[in-house]
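Notes for the one structure printed next.
The values are calculated or read from the model by the stated rules, or taken from the named source; none is laboratory data. Keep in mind that what you see is a predicted model, and the values were worked out from it rather than measured. Reconstructed Cβ throughout: ideal geometry from the backbone, glycine too, with neighbour counts over all protein chains shown.
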């Protein structure tokens, strides 16, 4: 992490947003100047192939407050946010999308709310300007599930427009697609959070990278978040609950068949129920080992060795 010597860093992941970069930079510059604080804009080029990388280099040469982190390939939004946050120098980190749907004029309100004593302020796109079926409806269902399962009462977990205190966001490790679960991760760390309604503009240029195909990822990550919340410090309890139930069921089946064999003399060697009992016992034991080892090997890989889920090609300015 760079030494914090700037008041505000705005972190923006970019993937094929060439037409939006110049108006976004100009809008941000106009807004940030009004705050009377030192600032920087950190663009993270996440493997763009539409000319965004070359344009970002031009922007970095034109504006000294713009820094560009160029990733070697497309790693996804979570990794891009992680790269930007790790290379930002601000005491306050503001994240937003690079498609001009987030409004830079909401940044002063986010920071003002943050300075009331919060660790993070989440944006809520209460009036979204996105297609109903493919975006808004899916988002409403996903947010309802996240609130119900995790108990974190944030209306819009998918909104990238947020403001963080440096010491709060530094505690979070982002990998996979966990950027949409930042409110849950921060809640697990005890961060004090608030939420304000922000503007949302219709996309005028470029194409959205989101759709129904990502719904299964949200559901899979939601299971992971529920596991982290309940069993991160005692993971064996979760595997004991499921694996133990399977083992007991399989053991009960085998005891029943053994009674029929010994007491009643029945032939049980060719009965499918015997195979089911043995498989349940083996599968239950497997849950104690494979699942537990896989989960904790992953966490050791990223955290104990301080590995990052991205690779940097170059850094400008």
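Considering region 82-116 alone, what residues qualify as being touching a helix residue (DSSP H, G or I) at 6+ places or on another chain (Cβ under 8 Å), buried (at least 19 other Cβ atoms within 10 Å of the Cβ) and not in a helix (DSSP H, G or I)? It would help to see each step written out before you state the result.
Initial filter on region 82-116 (touching a helix residue (DSSP H, G or I) at 6+ places or on another chain (Cβ under 8 Å)): 85, 90-96, 98-100, 104-105, 107-108.
Applying the additional criterion that residues be buried (at least 19 other Cβ atoms within 10 Å of the Cβ) yields 85, 90, 92-96, 98-100, 104, 107.
Those that are touching a helix residue (DSSP H, G or I) at 6+ places or on another chain (Cβ under 8 Å), buried (at least 19 other Cβ atoms within 10 Å of the Cβ) and not in a helix (DSSP H, G or I): 90, 92, 93, 94, 95, 96, 98, 99, 100.
Counting just the residues of region 159-179 that are in contact with a strand residue (DSSP E or B) (Cβ under 7 Å, 6 or more places away or on another chain) and assigned to a loop (DSSP other than H, G, I, E, B), which one comes out farthest from residue 225 (Cα to Cα)? So that I can check it myself, show each step before the final result.
First, the residues of region 159-179 that are in contact with a strand residue (DSSP E or B) (Cβ under 7 Å, 6 or more places away or on another chain): 159-166, 168-169.
Filter once more, so that each one left must be assigned to a loop (DSSP other than H, G, I, E, B): 159-161.
On the way: 159: 18, 160: 18, 161: 21 Å.
Among them, the one singled out is 161.
Restricting to region 32-70, give me the number of residues that are assigned to a helix (DSSP H, G or I), closer than 22 Å to residue 108 by Cα and in contact with a strand residue (DSSP E or B) (Cβ under 7 Å, 6 or more places away or on another chain).
Residues of region 32-70 assigned to a helix (DSSP H, G or I): 32-33, 52-62.
Restricting the remaining residues to those that are closer than 22 Å to residue 108 by Cα gives 32-33.
Next, only the ones that are in contact with a strand residue (DSSP E or B) (Cβ under 7 Å, 6 or more places away or on another chain) stay: 32.
Matching residues across region 32-70 total 1.
Considering 274, 292, which residue is modelled with pLDDT of 70 or more, surrounded by 13 or more Cβ atoms within 10 Å (Cβ to Cβ) and not assigned by TED's automatic domain parsing to the domain that holds residue 62? Can you show your working first?
Values: 292 fails: modelled with pLDDT of 70 or more.
Exactly one of 274, 292 is modelled with pLDDT of 70 or more, surrounded by 13 or more Cβ atoms within 10 Å (Cβ to Cβ) and not assigned by TED's automatic domain parsing to the domain that holds residue 62, namely 274.
Provide a single number: the residues in region 135-148 that are touching a residue at least 40 places away in the same chain (Cβ under 8 Å) and under 16 Å from the mean Cα position of the chain (by Cα).
Of the residues in region 135-148, 3 are touching a residue at least 40 places away in the same chain (Cβ under 8 Å) and under 16 Å from the mean Cα position of the chain (by Cα).
(1) part of a loop (DSSP other than H, G, I, E, B); (2) at pLDDT below 80: which one isn't true of residue 129, the others all being true?
Every listed condition holds for residue 129 apart from (2).
Just to check your reading of the model, which residue among 79, 29 is assigned to a helix (DSSP H, G or I) and buried (at least 22 other Cβ atoms within 10 Å of the Cβ)?
79
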